[in-house]
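Asker: Here it is, the structure, as structure tokens.
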Amino acid sequence: MPAKHGNLSINSENIFPIIKKWLYSDHDIFAREMISNGCDAITKLKKLEVMGEYTFPENYKPAIQVVVNSEEKTLKFIDNGIGMTADEVEEYITQIAFSGATEFLEKYKDKTTDDQMIGHFGLGFYSAFMVADEVHIDTLSYKEGAVPVHWTCDGGTEYDISDGNKNTVGTEITLFLNDESPEFCNEYRMREVIEKYCSFMPVNIYLSKENAEQEYETIDESELRDDDVVVEHIHEDAKTEEKENENGEKEIVEVSPARDRVKINKRPVSLSDPHPLWMKHPNECTEDEYKEFYRKVFMDYREPLFWIHLNMDYPFNLKGILYFPKINTEYDSIEGTIKLYNNQVFIADNIKEVIPEFLLLLKGVIDCPDLPLNVSRSALQNDGFVQKIAEYISKKVADKLTGMCKTDREAYEKYWDDISPFIKYGCIKDSKFAEKLHDYILFKDLNDKYLTLKDCIEANKPQKEDAGEEKPEEKEEEADKNTEEDKDSDKKEPEKITIFYVTDPVQQSQYINMFKEAGKDAVILTHNIDAPFISHLEQKDNTIQFKRIDADLTEELKGEGTADEETAKALTELFRKSLNKEKLEVKVENLKNDGVSAMMMLSEESRRMQDMMKMYNMYGMDPGMFGGQETLVLNANHPLVQYLAKNPESEHGAVICQQLYDLAMISHKPLSPEEMTKFVQRSNDILLMLTK
């Protein structure tokens, strides 16, 4: 073929620099595009072979070779795929945005339904110019009698094409790296890039260093493969040792038998796993394989709790595995990683359009060939189809969780403390998910028993007292009364059922003990997602309300009788003066538990307002402006409180008031560093007083 000079088919010379510089947000993504083109070339050849239009040579093994040369500052991508003729090079390469993959699929759409082409836009090849000053293509088509082609371009709008010297079917692309991109001819850097984007591409990918010295390995002769290059045969004699037998006599014992080994050229190791676990049917996967895949992909050596294998062919193609990771404490980061793939090609982490937001807390992979990607394959185009995928994923997760609760409640309870943040966050963010999981939300009570919300409501319903048998006339009066009340029932707020909760079982142990003594129960809510979650539940159901156990002094905690009004007034003045808190709220009550001297209460509304203020860093604001002051409850039955009531002028009164206040506060919330320092010093002073 005579040498030929031509122009790239671009409407404006200004578009080429834009493509080179701005088409992709990450420059290292060019490697993905080059390797993807090679995968497509091999896929095309496989399709032709299936259709009987091509026969593979003996021992054909599809592969892509990536070769780095740091001395020459070059990078090569070599595939043994379909190759190109000169006409095809001009059609596919010189016409920017003309996709050979798209044309191929259109041509053979009636002969094959296996649409697994990676490229669709015809722009990926030009990503090479983001890192290269010059690009060469050497290619030989599979067609009988085809002539090898050599194509060169220096990044401008002109190219040269001529006969080449390639003698094997396939394509070799050589990048002459620019001064800003020498890192990509480094073997370790390219390994990093390939493992990032191409770990699961459907073809084996091999990385090598050009002109590197041959490396060797030694294996047993029985492990020899047909494609191994044998350098040397090695016979190893049996190894023996002198050992003492059971009779105390020394004898020669064989510890390693004789064996024949061979020294071979070191086998190349593929950087790609062409058959990733998510592409298999769930029935073909073992528990160990799921765990090993998790460790390999996410470098997390804590075993996942469980996983969901997604495998859908209709109405869209979607496969993947979602793992529920183990969280040790609430302080662990629970930000997960969902890796999105398109035909086994890595696209991005955590694309929120296709992964429901609450599931971004999980770890996993999603592969959807039908995703409507933009031309850079780095983001999704706006498409209602994407929303359907997100809804499907959310539904599958909900089905897995509800199914587990129904069929294996014991395992569900075992995992609950770890998976509850995911589920609660999902209920807040996704109304459909919340509806499915409503009856499967669990609450752990003070006895470590797991209850559903329905169980909690039943346990906290007010118990109606049995007033004995009513007389007929009383029943009639009650019926008339109820009829009158029913007329105004729409105007009345429904009676709320209160569910008490604990946020710190250790710090709030005093309140817990009082609750248990009174025969009451509470649920344990220790995670930071719990506060917004219970607010969410209250909004959905106005017949329930959640209160922390130190938010209210329930009737069950009170003893008989009431404190004297004058005594209560005197104690209030004494504590306000001793603590220098003029606005301190003080209540004096007869508590059932005589061992509790004082306790602190803060209304649920005030606590939530304070939590909201903290969330928005509004620390400079006074909680009192929202009615956020704590109430000090003094137990009139306790000897110390009785002493203060009888001896308000005692020289020890102020110290006792301060100590009682801090003791009540410690059971309520942590003291500030300054408060704790004073409390410790005061405690030491009190102990010293006992020695005098």
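The values are calculated or read from the model by the stated rules, or taken from the named source; none is laboratory data. Bear in mind the structure is a predicted one, so any value in this text is a computation, not a measurement. With ideal geometry, Cβ positions are generated from the backbone for all residues, glycine too; neighbour counts draw on all protein chains shown. To get the accessible areas, we keep the full protein, side chains included, count just its heavy atoms, and leave off ligands, DNA and RNA. Shrake-Rupley method; radii C 1.70, N 1.55, O 1.52, S 1.80 Å.
Asker: Within a Cβ distance under 15 Å of Met514, other residues only, what is the Lys/Arg minus Asp/Glu net charge?
Answerer: On the way: positive: Lys516, Lys520, Lys547, Arg548, Lys558, Lys592; negative: Glu517, Asp521, Asp550, Asp552, Glu555, Glu556, Glu589, Asp594.
Summing Lys/Arg as +1 and Asp/Glu as -1 gives -2.
Asker: Can I ask one more? Where the centre of each part is set by its Cα atoms, how far does segment 157-181 sit from segment 523-589, in angstrom?
Answerer: So the separation of the two Cα centres works out to 78 Å.
Asker: I would also like to ask the following. Can you give me the long-range amide H partners of Met84? Hydrogens built in the peptide plane at 1.01 Å from N, cutoff under 5 Å, separation of 5 or more residues or another chain.
Answerer: It is Leu140, Ser141, Gly170, by chain and number.
Asker: Tell me which residues come under 5 Å, amide H to amide H, from Ala348 once H is placed; ignore anything under 5 positions away on its chain.
Answerer: Result for Ala348 returns Leu340.
Asker: Could you work out the local net charge near Asn637, counting Lys and Arg as +1, Asp and Glu as -1, over the other residues with Cβ closer than 15 Å to its Cβ?
Answerer: Values: positive: Lys558, Lys587, Lys592, Lys646; negative: Glu517, Glu560, Asp564, Glu589, Asp594.
Neighbourhood net charge equals -1.
Asker: Shifting gears a bit: Which shape class applies to segment 253-292: rounded if a/c is under 1.5, otherwise prolate when a/b exceeds b/c and oblate if not, where a ≥ b ≥ c are the square roots of the Cα gyration tensor eigenvalues?
Answerer: Since a/c reaches 1.5 but b/c is at least a/b, the shape of segment 253-292 is classed as oblate.
Asker: Across segment 501-580, how many lysine pairs, 8 or more positions apart or on different chains, have C-alpha atoms separated by under 30 Å? Please give the number.
Answerer: 11
Asker: If r is the Cβ-Cβ distance from Lys4 to Glu72 and R0 is 25 Å, what FRET efficiency results, to the nearest 0.05?
Answerer: 0.40
Asker: Mind checking which aspartates and glutamates have their C-alpha under 13 Å from Lys461, skipping anything on the same chain fewer than 8 residues away?
Answerer: Glu495, Asp521
Asker: Continuing with the same structure: Tell me, what ³J(HN,Hα) does each residue in segment 165-177 have, in order and in whole Hz, if you take phi through Karplus 6.51 cos²θ - 1.76 cosθ + 1.60 with θ = phi - 60° and put x for Gly and Pro?
Answerer: The phi angles translate into 10, 5, 10, 10, 5, x, 9, 10, 10, 10, 9, 9, 5 Hz.
Asker: With every protein chain present, what is the per residue accessible area of segment 247-337 (1.4 Å probe, Å²)? The partial results should precede the final answer.
Answerer: Values: 5360 Å² over 91 residues.
On a per-residue basis, segment 247-337 sits at 59 Å².
Asker: Still on this structure, I have one more. Once R0 is set to 30 Å, what does the formula 1/(1 + (r/R0)^6) return for the Cβ-Cβ distance between Glu289 and Lys414, expressed as a FRET efficiency to the nearest 0.05? Mind dumping the intermediate values first?
Answerer: Working: r = 22 Å, r/R0 = 0.75.
It comes out at approximately 0.85.
Asker: Report ³J(HN,Hα) in whole Hz for each residue of segment 280-295, in order, from the Karplus equation J = 6.51 cos²θ - 1.76 cosθ + 1.60 where θ = phi - 60°; Gly and Pro get x.
Answerer: Listing the rounded values in order: 8, 6, x, 5, 8, 9, 9, 4, 5, 5, 4, 5, 5, 4, 4, 5 Hz.
Asker: Here is a further query. Skipping prolines and chain starts, which residues have an amide H placed within reach, meaning under 5 Å, of the one on Ala563, given they are 5 or more residues away or on another chain?
Answerer: Asn590
Asker: First select every other residue whose beta carbon is under 13 angstrom from the beta carbon of Lys166; then total the charges, Lys and Arg +1, Asp and Glu -1. Could the numbers behind the result be given before it?
Answerer: Details: positive: Lys76; negative: Asp79, Asp138, Asp163, Glu172.
Taking every other residue near Lys166 into account, the sum is -3.
Asker: Further question: Using θ = phi - 60° and the Karplus form 6.51 cos²θ - 1.76 cosθ + 1.60, what ³J(HN,Hα) does each residue of segment 446-451 get, whole Hz, x for Gly and Pro?
Answerer: Working through the residues one at a time gives 5, 9, 6, 9, 8, 10 Hz.
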